[in-house]
Amino acid sequence: MPALPQTSVASGVQDKALIVDFGSQVTQLIARRVREAGVYCEIAPFQSAQAAFDALQPKAVILSGGPCSVLDAHSPRAPETIFASGAPVLAICYGQQTTAVQLGGAVEGGHAAEFGRADIEICEKSALFEGLWEVGRRYPVWMSHGDRVTRLPPGFTVKAVSENAPFAIASDESRKIFTTMFHPEVVHTPDGAKLISNFVLKVAGLKPGWTMAAFRGEAIRAIREKVGAGRVLCGLSGGVDSAVAAVLIHEAIGERLTCVFVDHGLLRMGEAEEVVRLFRDHYNIPLVHVDAAPMFLKELTGVADPEAKRKIIGKLFIDVFEAEAKKIAADGNGAPQFLAQGTLYPDVIESVSFTGGPSVTIKSHHNVGGLPARMNMQLVEPLRELFKDEVRALGRELGLPAAFVGRHPFPGPGLAIRLPGGVTPEKLDILRRADAVYLDEIRKAGLYDTIWQAFAVLLPVRSVGVMGDGRTYDYVCALRAVTSVDGMTADFFPFDMNVLGRAATRIINEVKGVNRVVYDVTSKPPGTIEWE
């Protein structure tokens, strides 16, 4: 299993933490908490943890939870180098169990499991929760374990217990190795973020130097170092990620960047025009606007499977970029040697998933695995270290208009995956108009910036209805709105029914082809990657 690609931007950050991933659904939340504390961190799967440790030289290490049992043959282990290095370690759930086994303790199965909310009682003081929790008091946490530690390694003492975890917190304070049976990274552990901050800032003594201003400077340096005197082609999708990447690269290399905006005909109402205005008028960045809608719609005709749609769209994007690169090469200034795109850190992590589960195909419209050899170009991905909310912060740092930076996330395949079933011009028009009405009502209610993502979906079913004195047989439109910070977890937005009522009434009255509107109240729990 290859390590996550090491990025040159990280070399400018002095204090770094490494997270060793044992397959937990919520490992990315650990990274979020560390970065919220102002500390740069990277995640590496356990198979490549040694290489990542050697490359990153972290000043602190966090071992994640995971689905395996340490009692199973060939279950994952942490590199022994980590424990011998002297770097402070925080081991969570499975991380606690493998730490115990590797350092001379014992783990057993067959005891009462704990899944969900639990209370721990603090038995002794610890640097891990100094100033946060007090001896003798009880605090709520989130547990998720079947096995449990039954004998601590030499040098470890118990700091907290729960009903079914006699070593809910155990540590060797002299070696700065701290273990928890619960998950501090999830919001269900109310003080968990503070505990992780305590570990990286106070226990490990890392300096909080991870800011967007610092990232901006280091990213510009790294882009110039990689590109040299070369030219860059940047693919714009119409979303925030690729726009921020383009503005950052333009700041680094100026006119040697050419942006190619592929209008695939799957964008929301008015978004193509907004992108063109932003780059040509506001930033004066060289922009090629390719109207590729006929090509995309032709290839998507009759395709219902969402994964097939993603792959078709991803392939066509590459085809368009390749054709434009050849045209640009004929201008006498040399061919572009680099293709830039707005890949984010969750895309990178998911692309190297070792579980073999669905996350390996979730981001198939991104080229995180590389480009076709025939393109003879290298990828430039200046945002691949960032989470979504960090990209927004960088966009503000770069001076992008607030309305653009604050736009709701919109997937690369666009409306194609919000049209379950086949894609047709007629259905795209219906969906585009319904979506515009929905967002307009959200804005009028002053809720747009409160909601993380909202969109309409045109369902592949038709409903019999009565409008006025006649029957109708038209599509059902589903409305979706969620609250989130970074898209890792989300919950449905609790609308005032008056807002939904106004949106539904307008859609039915103004959008021909829809006669029924429903609201989707499903949530996105930890561990799921993306929803459409």
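The values are calculated or read from the model by the stated rules, or taken from the named source; none is laboratory data. Keep in mind that this is a model prediction, so the values were computed, not measured. Glycine gets a Cβ as well: all are built from the backbone with ideal geometry, and neighbour counts include every protein chain shown. The accessibility values were calculated without ligands, DNA or RNA, using every heavy atom of the protein model including side chains. Shrake-Rupley method; radii C 1.70, N 1.55, O 1.52, S 1.80 Å.
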Accessible surface of I43 - all protein chains present, 1.4 Å probe, nearest 10 Å²: 10
Efficiency of FRET between R137 and K315 - r from beta-carbon atoms, R0 56 angstrom, step 0.05: 0.45
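Using only the Cα atoms of the chain, construct the convex hull and provide its projected area averaged over every direction, in square nanometres to one decimal.
Numbers: hull surface 106.1 nm².
Directional mean of the projected Cα hull area for the chain stands at 26.5 nm².
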Estimated FRET transfer efficiency (D191, R151; beta-carbon r; R0 41 Å; 0.05): 0.90
Accessible area (Å², per residue) of segment 381-462, counting only protein heavy atoms and a probe of 1.4 Å: 32
Helix-only [θ]222 nm of the chain, DSSP H runs n ≥ 4, -39500 (n - 2.57) each, per residue, nearest 500: -9000 deg cm²/dmol
Per-pair calculated FRET efficiency, R0 = 51 Å: T450 and C123 via Cβ, rounded to 0.05: 0.75
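In whole percent, how big is the carbon plus sulfur part of the accessible area of the chain, probe 1.4 Å, protein atoms only?
Whole-percent figure for carbon plus sulfur exposure: 53.
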Net lengthening on full extension, E80/D305 (0.36 nm per residue, minus Cα-Cα): 76.5 nm
Probe 1.4 Å, protein heavy atoms only - accessible area per residue of segment 43-109 in square angstrom: 34
Label-point separation, A214 to K326 (7 Å along Cα→Cβ), nm: 4.6
Counting DSSP beta bridges with both ends in the chain, the antiparallel % (nearest 5): 50
Largest to smallest accessible area among D172, D281, D491 [probe 1.4 Å]: D281, D491, D172
Set of aspartates and glutamates near K59 by C-alpha distance (under 19 Å), chain-local residues within fewer than 8 positions excluded: D15, D21, E36, E42, E80, D172, E173, E385
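Probe radius 1.4 Å, ligands and nucleic acids left out: which of Y283, Y40 has the largest accessible area, and how do the rest follow?
Y283, Y40
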Full-extension gain in nm, R443 to E426, via 0.36 nm per residue minus C-alpha separation: 3.5 nm
Derived scalar couplings ³J(HN,Hα) [segment 188-205; Karplus, 6.51 cos²θ - 1.76 cosθ + 1.60; whole Hz; x for Gly, Pro]: 6, 9, x, 9, x, 4, 5, 5, 5, 4, 4, 5, 6, 8, 8, 5, 7, x
Built amide H within the under 5 Å cut-off of I62, gap 5+: L18, I19, V20, L90
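Express in nm, to one decimal, how much length is gained between A73 and N376 on full extension, taking 0.36 nm for each residue of separation and deducting their alpha carbon distance.
Values: separation 303, 0.36 × 303 = 109.08 nm, distance 4.41 nm.
Taking 0.36 nm per residue and subtracting the Cα distance, the gain is 104.7 nm.
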Set K16/K202; K159/K194; K226/K315 screened for pairs whose C-alpha atoms are more than 22 Å apart: K226/K315
Solvent-accessible area per residue, Å², over segment 278-352 with all protein chains present [probe radius 1.4 Å]: 45
Computed accessible area, C93, all protein chains, 1.4 angstrom probe, square angstrom: 10
